[in-house]
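**Student:** Pasting a structure below so you can have a look.
Every number here is computed from the coordinates shown, using simple stated rules; none is lab data. In this text, all values refer to a predicted model and were calculated from it rather than measured experimentally. Here the Cβ positions follow ideal geometry from the backbone for every residue, glycine too, while neighbour counts run over all protein chains shown.
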Amino acid sequence: MNIENEIGNIIRFSVWRIPKANHEALMQLEKPIKEFFKNTGVNQEIFLLKVGSDEQDKMAEQMGMTNIAKTIAAKQDEEVWLELQFYRDQKHLDDLVEDVQKNENAVKIGKQFMDLLTPGSCIEGWFNHVNI
């Protein structure tokens, strides 16, 4: 089975910061969001950035890399979250975007979500699978 059939051909990658005080509110808001994506055939996974240690920093540097925790300017009272969304193909993505824009509840939840984030902290990108 190829990767397109397993997880999809397009991945949306998002990173955002949230005030730690908003953690529980975002967790509660993510429950209907995750259910919505599940019902549309989108696999959504969310991760919380594990704070780096000196040992992790040294390992990264030895390999010529930088620990991502050093490049994301999170404050002491913030968390960094990563979200991955997996789409079968461009049509799947386009159809979902169209459906969301027509759905008043989805738009409302999207606004609530953005209001919980640290303003201006959300970055995202869309990635196509590379066949090697």
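**Student:** Between F86, N9, P32, whose Cα lies farthest towards the positive end of the dipole of the chain when Lys and Arg beta carbons carry +1 and Asp and Glu beta carbons carry -1, centred on the Cα centre?
**Tutor:** P32
**Student:** Let me ask something additional. So what's the back-of-envelope 222 nm ellipticity for the chain, counting only DSSP H runs of four-plus at -39500 (n - 2.57) apiece and dividing by all residues, rounded to 500?
**Tutor:** Computed mean residue ellipticity for the chain: -13500 deg cm²/dmol.
**Student:** Of the listed values (1) 28, 22, 11; (2) 41, 16, 12; (3) 21, 17, 16, identify the label whose number matches semi-axes √(5λ) of the Cα gyration tensor in Å calculated from this model.
**Tutor:** Looking at semi-axes √(5λ) of the Cα gyration tensor in Å for this model, the match is (1).
**Student:** Decide, for the stretch 65-132, between rounded, prolate and oblate: order the square roots of the alpha carbon gyration tensor eigenvalues as a ≥ b ≥ c, take rounded if a/c falls under 1.5, and otherwise choose prolate if a/b is larger than b/c, else oblate.
**Tutor:** In terms of gyration-tensor shape, oblate.
**Student:** No solvent, one uniform scatterer per C-alpha: report log10 I(q)/I(0) for the stretch 33-107 via the Debye equation at q = 0.13, 0.14, 0.26 1/Å, two decimals.
**Tutor:** Taking Cα atoms of the stretch 33-107 as identical point scatterers yields -0.62, -0.67, -1.16.
**Student:** Would you mind pulling out the separation of the Cα centroids of the stretch 26-63 and the stretch 79-132, in Å?
**Tutor:** 14
**Student:** Rank L117, H129, A69 by how far each Cα sits towards the positive end of the charge dipole of the chain (+1 on Lys, Arg Cβ; -1 on Asp, Glu Cβ) and give me just the farthest.
**Tutor:** Most positive-ward Cα: L117.
**Student:** Can you give the charge dipole size of the stretch 37-132 about its Cα centre, rounded to the nearest 20 debye, using +1 on the beta carbon of Lys and Arg and -1 on the beta carbon of Asp and Glu?
**Tutor:** Charge dipole of the stretch 37-132: 120 debye, to the nearest 20.
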